[in-house]
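Peer 1: Please see the structure below; I have some questions.
The values are calculated or read from the model by the stated rules, or taken from the named source; none is laboratory data. Because the structure is a prediction, the values reported are computed rather than measured. Positions of Cβ are generated from backbone atoms using ideal geometry, with glycine treated the same way; all protein chains shown enter the neighbour counts.
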Amino acid sequence: MPCGEYFTSYADRMGLVRWRIERVAFVLGLPIPFLIPFVLGGGMVSMITRIYIFIIAILGLHVILGYAGEIVLAQGAFMAIGAYTSTRLVAEAGVGIIPGMLVGGLLTAFVAVLFGLPSWRVKGFYIAISTLALQFIALWFLQNNQLAFIHGGSQQNLPRDVGLIGEYVIINSPTEQYFFILAALAVFALVTFNLSRTGIGRMFRGIHENDLSSAVLGINVFRNKLLAYAIGGFMIGAAGALYSLYIGFISPGYFTIELTLEHYVMLLLGGMGRVWGVVLGVSIVTIVEEEIRNFLVAYASDATALEPVFFGILIIVVLAVEPKGLLAGLGQIKDYLRKWPYAY
């Protein structure tokens, strides 16, 4: 604990912003996201908008895997359900992006709970196979236009001008889109931050550590696992709806197993179990991925397959050096500097 700072109540100890340096950083950093569209170019704003969407999606994965310890391999399918549901409601019913996002999130949560039901009997990699089946089933239905009367077709376009609710508050520019997605990110990040401090979050973590001990202590393990699937699925589905708004056109190719693996790379690199680890992992992977892609296109257009190879090596190195991710490594550096030059 820094010299001169101490807590006098449990409320202070559990606060989101506890240390003086955190308050200063919060005040100084708060204006930055609001200034980005006016300072950076359109390409950078577009990339940062995509980062915000992926952060929301991986926050949902973070709840299911990082909190409850349930391995999910259907990230792409969950985002596809949210995207197709929202796009059809916005394009055909004209309900607006917020109702479309909520309905898409709720439908994704329902499907996530449905495919989480095997957790009653199995866990670990066995439950992962259940969700992997959803990934292949969803893509098969979309690519082959099966039950097109439900999802509306494998390829769909979103209207250029979309209202937040119905035809009110039209979003028709990248800057307006940026601020709307930033607001959605703030809401979901705040929910995730607070979830870890509630009784539900503590039960999730107990189940993650040892579900048998949690059951002995009176926790309904199966019900809480399904609750984690519902919360995480809703967030991933909402991210899918925002992704459809961002690209304006959806196709099954955007929601393949590669998207799931990419999100796992982001989560593991940043640090599983911490919200700031999600933010760090998504930001680093997206920026490095963009730079590598530009470099390969400019100097080695025939070697684009080296991009996943690079990230594979990066994950191996990070997990070997710091298994808890980059955020844990930064925490160790902070603790070292806090004690320096003394060793105690």
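Peer 1: If a residue has to be touching a residue at least 40 places away in the same chain (Cβ under 8 Å), outside any helix (DSSP H, G or I) and surrounded by fewer than 16 Cβ atoms within 10 Å (Cβ to Cβ) to count, how many in the range 157-196 make the cut?
Peer 2: 7
Peer 1: Just the residues that are out of contact with any Pro (no Cβ under 7 Å at 6 or more places or on another chain) and not aliphatic (A, V, I, L, M), please, taken from the range 166-181.
Peer 2: Correct list: 166, 167, 168, 172, 173, 174, 176, 177, 179, 180.
Peer 1: I would also like to ask the following. In the range 199-234, which residues are among the polar types (S, T, N, Q) and assigned to a helix (DSSP H, G or I)?
Peer 2: Matches in the range 199-234: 213, 214, 224.
Peer 1: Scan the range 203-229 for residues that are more than 19 Å from residue 122 (Cβ to Cβ) and surrounded by 14 or more Cβ atoms within 10 Å (Cβ to Cβ) and jot them down.
Peer 2: 203, 205, 206
Peer 1: Hey, any hits in the range 124-140 for a residue that's closer than 18 Å to residue 65 by Cβ and touching a Gly at 6+ places or on another chain (Cβ under 7 Å)?
Peer 2: Yes.
Peer 1: Here's another thing I want to ask about it. Quick one: in the range 56-72, which of the residues that are buried (at least 24 other Cβ atoms within 10 Å of the Cβ) and among the small types (Gly, Ala, Ser) is nearest to the chain's Cα centre (by Cα)?
Peer 2: Only one residue fits best here, namely 57.
Peer 1: Using beta carbons and a limit of 7 Å, which pairs, at least six apart or on different chains, have the first residue in the range 44-63 and farther than 10 Å from residue 242 by Cβ and the second one outside any helix (DSSP H, G or I)?
Peer 2: Close Cβ pairs (under 7 Å, with a partner that is outside any helix (DSSP H, G or I)) amount to 61/72.
Peer 1: Additional query: Please name all residue pairs, on different chains or six or more residues apart, with Cβ atoms under 6 Å, provided the first residue is in the range 89-108 and is closer than 21 Å to residue 185 by Cα and the second residue is of a type in the set (Phe, Trp, Tyr).
Peer 2: Listed pairs, sorted by first residue: 105/234; 108/78.
Peer 1: Okay, moving on. Of the residues 124, 94, 116, only one is under 19 Å from the mean Cα position of the chain (by Cα), farther than 22 Å from residue 254 by Cβ and modelled with pLDDT under 90; which?
Peer 2: 116
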